[in-house]
Structure formats: structure tokens, C-alpha cells
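Working notes, beginning with the structure itself.
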Amino acid sequence: MMASSAFSSKVCTCTLALSALLFPGTLPAQTTGAPVAETLDDFEKPNQSKLFYHDGTWWMAAHATDRNWYLWKYRDAVWSKSIMIDGTGKSRPDCHVDSQNNKLYILSSHTSTSKFVLANYINDDWIIAPNYPVEIEDFSHNEDNVISMSIDRTGTIWLFRIEEGILETIYSLDEGRSWSDVLPLKTDMNVPS
């Protein structure tokens with residue numbers, strides 16, 4: 001069993017400690033200070049969600065020691081791999097769960113071609129829906145600014161990035177099967193006033 005990096009351990013520890021405060025009784029006390037075995041770092045992007053609670057179970061997107069990204073399930077005081085969500089080590093996933101409809105939306109932000117995944121919750125696990133992942137052409141991130149995802153109350157999926165000082169977005173009206181053209185929202189980002 002390989003140990004997590006110090007950074008991964010600190011972020012996971014902090015996230016689990018916060019989760020224990022928000023959802024008391026869902027995690028045993030010894031879990032909040034323990035690293036997750038067989039995971040790497042890459043939890044460092046605060047604009048992305050990698051930990052969520054669904055159907056009485058904690059889940060997280062984590063980079064495994066085999067360099068792939070998986071959904072991990074927390075059960076019986078142990079984190080275990082569920083499904084592989086991306087086979088590219090340089091991706092940075094962002095997860096949004098729709099508990100009411102048993103759906104999980106996963107954006108894999110890449111430096112080349114980003115991907116979008118829809119998974120359905122069936123029989124106590126997540127199953128990637130047919131025809132997913134969908135590649136998102138011409139909307140990737142640079143090394144410093146990963147893409148983040150938001151879903152509004154109408155179900156529109158929004159992706160945001162900063163590219164050459166411009167805040168940009170694209171959106172999908174059909175659960176990520178197709179995407180709009182890039183829309184600039186604000187210029188001169190990261191420029192001192």
C-alpha cells in the first residue's frame with residue numbers, strides 16, 4: 001500500500017474534517033486525520049469539487065497511483081476505487097452531483113481536449129452513461145487555471161476558464177452532449193488596476 005503525498009494528505013484531511021462538521025456521524029473520527037491509500041496529490045484546485053455525499057455514502061474523485069482518475073467510495077471506514085473517470089494523469093476533474101435525479105456530472109479539465117462525463121447512480125454505484133465521455137473541442141486549460149463547472153437551476157451546464165486574461169464560458173443545454181461557442185465574459189483578468 002502506497003502512502004499519499006503530504007499535500008494530498010493535508011487537503012484530504014482538511015476536506016474530511018470539514019465534512020465531518022457539516023455531516024456529523026457520517027465519518028468515524030479516525031478517518032479525518034488519515035491519508036487515502038493509493039492516491040496522489042492534485043487536490044489543489046479550490047475552484048473544483050472532488051468530494052460529495054450521495055445516498056448515505058461519501059464519494060470523491062482522486063488521482064490514483066496508476067496515474068488514472070477514479071471515483072472512490074467510502075464504506076466501512078475504507079476508501080475503495082469505484083469507476084475510472086479519466087485515464088489521463090494531467091486532467092483535473094470537477095464533480096457536480098444531482099442527488100434528486102441520481103446523476104453525476106464530471107468535467108475532466110485538460111491542457112489539450114477536455115472531456116465531459118455523465119454517470120447514473122444504479123445499484124449502489126455510478127455507471128458512465130452511453131455515448132460518454134464527450135470531448136469538448138477548443139476549451140482546455142493552461143497549467144495554472146483549470147476549468148470549473150456550474151449547473152444552474154434550469155439544468156444548463158456552464159464551464160468557466162481564464163484564457164490569456166479573459167474570463168470565458170461555454171454552456172450545454174443537453175447534459176453535455178453539445179457545447180456553445182466560447183463566450184468572453186470579462187477582459188483584463190489578473191491585471192492590476
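Can you work out the PRE-style zone for Asp174? Point 7 Å along Cα to Cβ, and I want the residues of the stretch 124-139 with backbone N under 19 Å. What the label zone holds, given the 19 Å backbone N cut-off, is 129-139.
Put the Cα centre of the stretch 53-108 next to the Cα centre of the stretch 170-184 and the gap is 23 Å. Once a ≥ b ≥ c are taken as the square roots of the eigenvalues of the Cα gyration tensor of the stretch 61-120, is the result rounded (a/c under 1.5), prolate (a/b larger than b/c) or oblate (a/b not larger than b/c)? It comes out oblate by the Cα gyration axes.
Here each label is just a point 7 Å from Cα along the line to Cβ, and for Asp152 and Gln100 those points are 1.7 nm apart. Counting only heavy atoms of the protein chains and using a 1.4 Å probe, Glu175 has close to 50 Å² of accessible surface. Of the residues Val78, Val117, the one with the largest accessible area comes first in the ranking Val78, Val117, computed with a 1.4 Å probe on protein heavy atoms.
Proximity of backbone amide H atoms, modeled 1.01 Å from N, is registered between Ile83 and Leu71 at under 5 Å, excluding neighbours fewer than 5 places apart on the same chain. Figure note: Met60, Met84, Met149 ranked by solvent-accessible area, largest first, 1.4 Å probe, ligands and nucleic acids not counted: Met84, Met149, Met60. I need the calculated FRET efficiency for the pair His54 and Val182, taking r as the beta carbon distance and R₀ as 30 Å, to the nearest 0.05. Here the calculated transfer efficiency is 0.40.
The values are calculated or read from the model by the stated rules, or taken from the named source; none is laboratory data. None of these values were measured; they are calculated from a predicted model. Note: ideal-geometry Cβ built from the backbone for every residue, glycine included; neighbour counts use all protein chains shown. Protein only, heavy atoms only, side chains kept; ligands, DNA and RNA dropped before computing areas. Shrake-Rupley method; radii C 1.70, N 1.55, O 1.52, S 1.80 Å.
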